[in-house]
Structure formats: structure tokens, C-alpha cells
1. How much net charge surrounds B:Asn382 when only the other residues with a Cβ under 12 Å from the Cβ of B:Asn382 are counted, with Lys and Arg +1 and Asp and Glu -1?
2. Per residue of B:392-405, what is the mean number of Cβ atoms on other protein chains within 10 angstrom of that residue's Cβ?
3. Report, in whole Å, the centroid distance computed from the Cα atoms of region B:332-390 and region B:94-120.
4. If you rank B:Tyr312, B:Tyr10, B:Tyr57 by fewest surrounding Cβ atoms within 10 Å, what's the result?
5. Return B:Leu142, B:Leu73 ranked ascending by Cβ neighbour count within 10 Å, so the fewest neighbours appear first.
6. What order do you get for B:Thr376, B:Thr367 when you list them from fewest to most C-beta neighbours inside 10 Å?
7. Relative contact order of region B:252-315, please, whole-number percent, based on alpha carbon pairs below 8 angstrom and at least 6 residues apart.
8. Once the other residues with Cβ under 13 Å from the Cβ of A:Asp59 are scored (Lys, Arg +1; Asp, Glu -1), what is the net sum?
Amino acid sequence: MLPVGLPHFLALGALLFCLGLLTVATRRNAVSVLMGIELLLNGANVNFVAFHRYGAGDDSGEVLAVFVIVLAAAEATVGLAIVLAAFHTFRSIDVRGADSMWG
Amino acid sequence: MPQRSPASEYLANIQETVRSLWQGLSITLSHVLRRPITTQYPDRTERPVRDTLPVRYRGFLEVDTAHCGGCKLCERSCPIGCIRVEVERNAANPKQLVISRFDIDYARCMFCGLCVEPCPTGAIRHTREFEGSQRRVENLVLRWADPTRPFPAYRAVKGADPPPRAPSGSLVRAKLAAWPGTRPARRTCRPRPSGTSQPHRPREAPEETRMRRKGKLGVALAASLIGFLGLLAERVRAGQAPHASLPAGPSALRDLLFYGLALLTLAGAAAVALSRNIVHSALGLLLALLGTASIYALLSADFLAIAQVLVYVGGVLVLILFAVMLTSRIAETKVSNASLGVPAGMALVLATAPVLLFAAFATPWATRPPPAPGPTTRAIGNAFLTRWLLPFEVASLVLLATLVGAVVVARKEVKRDEPSDPRS
């Protein structure tokens, strides 16, 4: 087995990303979709940190990861607020139900 | 009574506090390990509640139109007039009576049974059905006769057997199922495997598998927590600081740790993607986020690991759990976390994953030997205040906008010029 190095962390990030993609693509529940987005962001973040540790570039990987965490928190807050508002409007958080602008 | 010194009294107080705390908490803890005794109605009851009612229970009235002679005795006997029967002559065959209307208003019916007593043929009778909620009270009228296709009145024929009776409750159940806006008359506990001869078999097996699955999830969560804490502790012990420890070179222990943590992370992510219960999904997300934090720690990103735990686990996950509790019927797993288009999603993932994995393993990355592990907080702080100053400020603006935006979006609108609706 290869000694654990950069590719292993990248692979972990890729698999996290894929599971997040699956969640976002298949879930009907809006909260679940948001959870999938968090998984996507985490997958990307693992890549940032791995490149920061192993990559030959400069040291901005961790800084970007912090930005991603900040924006993920902001996204989750606004997203969940929207989910609550949608729940009040449609009485459901099924993402297929929110189609009142669909001509 | 001997005078106690203040110090011993103080210590005695502390001891008393700890003992009473333990007494209270031990009761709570003992309940953590017990099975819940609440039964969720109506999904999780072992058999339909109507089957547990007495045989002569006076539930919804039902009319067997094959036996109704159109005598209107029930209409006349009803003390509140909730039955309405109209009988006409058949236009094609004037000798035959047809019943063009037989309405029962279940909103007014008081289930007294006075209409059942005089019925000469037993056409109208009580059932054990009682579940029929409606949004509008006008919808609580069941029409047993179709005005466009009236049914003929029953006449006893000498020497012939009366038509067979439908099983009690089957007619009204069919009507209730077709009721506008009702849920299907009953979603039973769970589909039983066909061919089992004991219909009332206690549901030991599924319950146990569920408990076992919960146990597994709990074990995984605990393992991830222990792994994370152990990682931190190991670092503290080895290097006197949480950051200077794990050997930088390849080592079997480090590899093992990576694979274990990666497995936990992916298990959590898989629970998010595939679990049927949204609470299990949220717990899986917790596992994935903790696992990611441990991976950060493994990568010597101490600040990020802590930030991940604080922001994600402490903030985002709690928000998500709140949203779950506020919005979905979480007891109904089918409702709470349904999926659609799973084959398409799987195809998408199966198209994406190999590409990403191939890129990860086949690209000759320009790597350098990892720098000696050290505290990263200073470097991050420097970067924020020099090179990344503008994005840093923009991020703070974004957070402010998020704060305001979330409040505006989630707030319920208060209309001051209208009398407020007490129900809202």
C-alpha cells in the first residue's frame, strides 16, 4: 500500500464531494440538500488543507479553508432561513413543491 | 450539636451537591439505555386501532346499498336529522323505487345508534372506523347514493337468500379512502412479509435491528470523538503542544489513523446521502464533520480543526437539527427524507468519482516534504491582516449581511393594520 500522502487526502476529498453530490442530486428534503452542500464544501476544504500541507505552492490553503468555513456557515444560515420561510409558505420542504413560479 | 468549621461545611456542601447531582443524573442515564415506551400513533401501532375496539363500537355509520329498501326509517328516527334520504320512482320502470340520495352528515352525527335500531334489513350499521379528519366541515358528508346513478331499493324475495353482506367497515373505509383531501385511510405499521401466518406477531425483529443500527451509529460517533480527542491528547503528550507531534515521515501508525478517520468520515457522509431517516442523516453529518476535523488535525492544521468543530458542529449542525425539528414530520421516515432519481444521481456520481480519483492519483503533483508541524494560528493571522485583508473584510461584511438577511427572511411578517389572526 502506498504510504499516505497527498493523493490519499485528495481522494478522501473527492469521495466526500461525490457523496455530497449524490445527496444534493437525489434528496427531496430541502434540509437534506443543505446537508449535501455542507459535504461538498468539506470535500473541497480537505483538498485545500492537503495542498497547503503537501503542495509546493504558497501557504494560502488554510486561509482559503477558513474562508470556506465562514461562507459555509453563512450559507447554512441563510439557506435554513429560506427553508423555514418556504415551509411557512408551502407547508412542506419538499423541493419539488416550491414550483409556484413555474409557468 | 457540635459547631462545624466553615471549611468542613463548605466541603460537605460540595459533597452533597455532587451526590444529589449523581442521584438525579443516574435516573436520567438509566433511561438513556432503555427502550422508549411511547407508541407513535398511528404508524407504529402493532395493529390497527380499530381492530382493538369492541365489536359493538359505534363508529362511522355505513350503508350497505344492496340491502337498503328506501323505507326512510333511519331518516325519521335520527334526532338531529343528519341523514337525508330521497326515494324516487324509476323512470324506466315505474314499479321500481330507486334511492337517489342517501347523505349522512358525519359532522352532526352523534353516533347514538337510533337509526340502526329500526332498520328492517340492517342496511345501516355502525362500524369501528373513527378516523376521518377533514379541513372543511362541509366535506364531512358522505354520499352513499349517486344522484346520477340511483340504486334500486331492496325488496325481499320469497324463498331467495338476501344478497351477501359486505364485511363491516369495508364500505365506509372505501369511502373514506376516496374522501377528498384525506390521507389514505390507514398507513399500517409496516408491510408484513407475505406468507407469515401470525398477523399479530410482536415486532421484535425490526425493532431490534433498528436498535442495533442506532447502536452502530452511536459506536461510530463515539469512536470518531475518541479518535479526535485521542489525536489531540497524543499531540499534547508527545510535543507539549497540540501541534508538534506526529512524525512527519511515513509511519504505519499515521497511515492507520488516516484510514480509520477517512472510513469514519465517509461512513458519516454515506449516512447523509443514503439514510432514510433525516435525524440519522444529521447524525451522519455530525460524524462526517468530526471526521473531517480529525483529518485536519492529522494534516497539522490545528486552528482549522478547532474552527471546524466550533463552527460546523457547534453552529451549523445545531441549526440544521433545529430546521429538521421545525419542519418535517420526522417520525415518518418515508416523509422525512425521501429520495428521487437515485439511479440518475448514482450515474452522476459514478461519472464524477473516477475522474476525480484518477486526477488525484495520476497527476504528478509538485509536492514538497511537509514542513515541520508547528502552530498555524500565527501564520493564518498574519495572512488575514496582510495579503488577504480585503477578502477578510468582505467576509465580515458577508457575515453581517447574512445575519440581517436571515433575520429578515425567517421572521414572520406582522401586519399591524389588520386584526391579528389568533391561529397564526
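1. Values: positive: B:Arg378, B:Arg387; negative: A:Asp59, A:Glu62.
Every neighbour counted, the sum reads 0.
2. Numbers: counts 4, 0, 1, 5, 1, 0, 6, 5, 1, 2, 9, 3, 0, 5.
So the per-residue partner count for this stretch is 3.
3. Comparing the Cα centres of region B:332-390 and region B:94-120, I get a distance of 69 Å.
4. Details: B:Tyr312 27, B:Tyr10 11, B:Tyr57 14.
Going from least to most buried by this count: B:Tyr10, B:Tyr57, B:Tyr312.
5. On the way: B:Leu142 22, B:Leu73 17.
The order, fewest Cβ neighbours first, is B:Leu73, B:Leu142.
6. Details: B:Thr376 23, B:Thr367 14.
Fewest-to-most ranking of B:Thr376, B:Thr367: B:Thr367, B:Thr376.
7. Working: 64 pairs, mean separation 18.0, N = 64.
Result for region B:252-315 is 28 percent.
8. On the way: positive: A:Arg53, B:Arg368, B:Arg378, B:Arg387; negative: A:Asp58, A:Glu62.
Combined, the nearby Lys, Arg, Asp and Glu give +2.
Values quoted throughout were computed directly from the atomic coordinates according to the rules given, and no laboratory measurement underlies them. Remember, it's a predicted structure, so these values are computed and weren't measured experimentally. For neighbour counting, all protein chains shown are included, and Cβ atoms are generated from backbone atoms with ideal geometry for every residue, glycine included.
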